[in-house]
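The structure under discussion appears below in the form of structure tokens.
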Amino acid sequence: MRNTTRRDFLKISGAGAGSLLLAGPAIKAFSQIAGDDTIHPGEKLHRTPTYCEVCFWKCAGWVYTDKKGRIKKIIGNKDDPHCNGRLCPRGTGGVGMYYDNDRLQTPLIREGKPGNQYFRQASWEEALDLVAKNLDKVRREHGPECVALFSHGTGGKIISHLLKAFGSPNIAAPSFAQCRGPREVAFTATFGEDVMSPERTDIRDTRCLVLIGSHIGENMHNGQIQEMSEAIDKGATIITVDPRYSTAASHSKYWLPIKPATDLALLLAWMHVIINEELYDKKYVEKYTYGFRELKDHVKDKTPEWAYAITTIKPDIIRKTAREMAHAAPAVIVHPGRHVTWYGDDTQRSRAIAILNALLGSWGRRGGFYVPEKAHLPKFPGPAYPKPKRSWKDAFPGKYKLVNEVLSTGICDATIPNPEMGCNLKAWIVYGTNLMASLPDQEKTLKAIDNLEFLAVIDTMPMDIVSYADVVLPECTYLERYDVIRTSPHREPYIALRMPASEPLYDSKPNWWMAKELAKRLGLEAYFPWNNIEELLDWQLKHVGSSLDEMKHLGVKKLKREYDDLYFLNGEDYEFNTNTGKIELYSTELANEGFDPMPDYTPHPEPPPGYYRLNYGRAPMHTFSRTTNNPNLWELKKENNVWVNPKVARIWGLENGQYVWLKNQDGVVSSFPIKVRITERIRWDSVYMVHGFGHKERQLSRSYGRGASDSELITRIAEDPIMGGTGMRGNFVTFLTEKPGKEVAS
Ligand SMILES: Nc1nc2c(c(=O)[nH]1)N[C@H]1C(S)=C(S)[C@@H](COP(=O)(O)OP(=O)(O)OC[C@H]3O[C@@H](n4cnc5c(=O)[nH]c(N)nc54)[C@H](O)[C@@H]3O)O[C@H]1N2
Ligand SMILES: Nc1nc2c(c(=O)[nH]1)N[C@H]1C(S)=C(S)[C@@H](COP(=O)(O)OP(=O)(O)OC[C@H]3O[C@@H](n4cnc5c(=O)[nH]c(N)nc54)[C@H](O)[C@@H]3O)O[C@H]1N2
Ligand code: SF4
Ligand SMILES: [Mo]
């Protein structure tokens, strides 16, 4: 990777003046407690409530500390429907985030000239002053809208509040354009509502669960896995469509090893069978949907035989599985998936999934999709936000009309100067997202960073993105802080509290404190009219009949549903939030914007000779790039490997356990080698690896240089024309068995 001209990729530690190695006292204090998680028999432990931040399922739990305040263990809260008392391995291993001795310890400020730059330690006073000074400069010279925030995770909510108060609407997360965006836009176009998180899938009571790629079991979203195993125990049929024999496939009655990038053909053929054999829910379709006749006509020729030629799935299997779904209906779920930015026509594929569910009558039905509810806490007190005069969308006139969240990649584009644009973004705050791992097309991200006047990064760890910051603000982990109340939707509305189990280690601070301090310096105190977050939380909780004191004891509290409508009542009238008030099989919204009103199959690029499609996913014990250095989770999986079909291994003479470098279609070579795993579980036309490995930052003492990064090999994006999602599975790799001549990593 090239260096940016304005900013060197900085090593966060090193022998330079003021480096972290000089943080003697902090390290000493730390090493006394590091790794001491032995629990002595009879030892009395104190417990405090939390909800997990190792992934976005946000399971509620209890953190146990000893008399000296040392964190010993985290266990699930049995009253919480996200986890039912059981955390996943990552949640249990969350303690490792606190004990990781590679953590960021003090604020850091970039010094020196390009080519000779270094980080020096700074006080909070100095670092916050510098951040505020730079944000204020952009505000005065270009307007507040020229500042953008990338934020992922709970703490981002208060930082977002700060940015909205500042006057910028440009707040993006990789969880939209690189994750669930197409599904939300597609389901909203169909049902007038999105799928939400946790997903509103009634897996517990389903009789048939269809997984299109969703690799539940490796994708460890806790409650979802528990419900899936409950459904299997009760005899539910699982149908898994995946080019790879995933964990979910191994629990399935049917595994459909589809040719990658052809799912839309299968979905259309399923609709064809369900309509032609009159297996759809006639009453439901008649009462609730719009455009059935158009749809019937649209899928008339989409026979299983037609789909077979495209997908390699046999016609009789397509028919059999369609009948299984119809037989189970309405207690059937064609799962919407979550990470759905695959091939650029992802909104249309998600539309096909939504339509199939509508034909089966599963939306609003037991064992299908329930109607969730969430608790409504009062918003942050303070004046109304100023009305922004511009937004990132102005950089794309006429585009992205159906996009209801900010595109992270759109922010990058709007940062790179373009003569047709009045104003570019000039400063970024990056909170809790490692953009070098989570955004595709690293060249573009670096180009955008290079054009910034100022970049502040708030993180807990010295991740790759931190190396590009002008100012680094070290946050304490979720185990050492309060955060906003969790109000995620579920079958009933629940609230959950996170509070500190320990004082922050080192000189790290919580997000709310940073936001309040910055607000003070930016003249935005009125938006933070509370002395500390306890005051804010107690005020909010009292509005829903609880209090901070009560929540400290309960951790989780179930509130009453406002409406008794978890499922539609039989024959009930229902107005959907679409143009027609119906479930739109034919989307008037998409038609109005000039897009196909009903999904169609289009072929996607195939790998060139000697190349294989780069497929990626999750491992149960890791979350993205954030856990690979976590001492507890690193123990469980230290590096990723590349899955190769035996046939391909033979052609290339590869052996199990051998290290190779991967080179993609644009000549980009992985910075580090990756171990080969030869397995029948992957099709011959693809290879597979787990995302999140191959860190380049040396301060990550465990994960540096271990395994390869899928992100750096994803240089080609298929952009979804409807919502700007970045299809990332159209990249192809080949094998290099020797280290390439020149060092590729910078
Ligand atoms: N352990 C763990 N669990 C996690 C996370 C984590 O980091 N770690 N992250 C969470 C988040 S935010 C998300 S979004 C989810 C992501 O999890 P999912 O939504 O389940 O992810 P996908 O990327 O859709 O699914 C990956 C699967 O798609 C298959 N696949 C690849 N190409 C195709 C294709 O063309 N057709 C079909 N049918 N299948 C294909 C792959 O073989 C792989 O099994 O996981 C969540 N759960
Ligand atoms: N190539 C490729 N790209 C992907 C994906 C993929 O599978 N492959 N998956 C996509 C998906 S589904 C998603 S949802 C996104 C995920 O994208 P991200 O959420 O950006 O994922 P991470 O790489 O885990 O980065 C999290 C960052 O937050 C930091 N962090 C953790 N806890 C805290 C905290 O309490 N406070 C602060 N301030 N920082 C914290 C971590 O140290 C890390 O730097 O990535 C997307 N991008
Ligand atoms: S699923 Fe696991 S990592 Fe995610 S919030 Fe729950 S316990 Fe934490
Ligand atoms: Mo995601």
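Between GLU277 and LYS67, the modelled label-to-label distance comes to 6.9 nm, taking each label 7 Å out from Cα in the direction of the beta carbon. Sorted from longest to shortest, the spans of the Cα atoms of region 474-536 along the three principal axes equal 42, 30, 17 Å.
Across the alpha-carbon atoms of region 349-432, the computed radius of gyration and Dmax are 19.6, 54 angstrom. Given their separation in residues at 0.36 nm each and the Cα-Cα distance between them, LEU45 and TRP530 gain 171.4 nm when the chain is fully extended.
The string of couplings for region 202-219 from the Karplus curve (6.51, -1.76, 1.60, θ = phi - 60°) is 8, 4, 3, 10, 7, 10, 8, 10, 10, 10, 9, x, 3, 9, 4, x, 9, 5 Hz, one whole number per residue in order, with x for Gly and Pro. A convex hull fitted around the alpha carbon atoms of region 612-736 yields 115 Å³ per residue.
For TYR616, the residues 5 or more places off, or on other chains, whose built amide H falls under 5 Å of its own are MET689. Using 19 Å as the cut-off for backbone N distance, which residues of region 561-576 belong to the label zone defined by a point 7 Å from the Cα of LYS287 along Cα→Cβ? Residues passing the 19 Å test: 564-576.
What number, in percent, do you get for the relative contact order of the chain if the mean sequence gap of Cα pairs under 8 Å and at least 6 apart is divided by its residue count?
Details: 1658 pairs, mean separation 143.0, N = 746.
Once divided by the residue count of the chain, the mean separation gives 19 percent.
Across the options PRO89, ALA469, PRO174, the greatest Cα extent toward the positive end of the charge dipole of the chain (unit charges at beta carbon of Lys, Arg, Asp, Glu) belongs to PRO89. Among GLU145, GLU712, GLU680, sorting on how many other beta-carbon atoms sit within 10 Å of each Cβ, with the fewest leading, yields GLU680, GLU145, GLU712.
Compute, for region 312-379, the length of the dipole vector about the Cα centre, with Cβ point charges of +1 (Lys, Arg) and -1 (Asp, Glu) only. Units Debye, rounded to 20. Could you put the intermediate results ahead of the total?
On the way: 11 positive and 5 negative charges, 24 e Å.
Rounded to the nearest 20 debye, it is 120 debye.
I'd like the per residue volume of the convex hull spanned by the Cα atoms of region 184-372, given in cubic angstrom. Output value, Cα hull per residue: 104 Å³. For the chain, the normalised intensity computed at q = 0.08, 0.10, 0.12 Å⁻¹ comes to -0.65, -1.06, -1.56 (log10 of I(q)/I(0), Debye sum over alpha carbons, equal scatterers, no solvent). Each part gets one Cα centre, and for region 48-114 versus region 492-561 those centres are 17 Å apart. Each distinct pair of alpha carbons in region 111-181 adds a 1/r term; the inverse of their mean, the Kirkwood radius, is 14.2 Å.
Which percent of the Cα-Cα distances in region 400-473 go past 13 Å?
Working: 1792 of 2701 pairs.
Pairs farther apart than 13 Å: 66 percent.
Between the listed residues HIS335, PRO198, ALA231, the Cα displaced farthest toward the positive end of the dipole of region 184-372, a dipole computed from Cβ unit charges relative to the Cα centre, is found at ALA231. Extension gain, GLU111 to MET421, is 108.5 nm, computed as 0.36 nm per intervening residue step minus the present C-alpha separation. Once the convex hull of all Cα atoms in region 60-193 is built, its volume per residue stands at 225 Å³.
Please go through the residue pairs LYS72/LYS637; LYS137/LYS389; LYS399/LYS426; LYS259/LYS444; LYS78/LYS560 and name each one whose alpha carbons sit more than 20 Å apart in this structure. Going by Cα-Cα distance, LYS72/LYS637; LYS399/LYS426; LYS259/LYS444 fall outside the 20 Å limit.
For LYS133, a cut-off of 15 angstrom between C-alpha atoms picks up these aspartates and glutamates, skipping any fewer than 8 places away in its own chain: GLU125, GLU141, GLU453, ASP470, GLU517.
Rounded to the nearest 20 debye, the dipole magnitude of the chain is 1180 debye, with +1 charges on Lys and Arg beta carbons, -1 on Asp and Glu beta carbons, and the Cα centre as origin.
Where a number appears in this text, it was derived from the coordinates with a stated rule and is not lab data. Every value quoted in this text rests on a predicted model; they were computed, and no experiment measured them. FYI the Cβ positions are ideal-geometry reconstructions off the backbone, even for glycines, and counts take in every protein chain you see.
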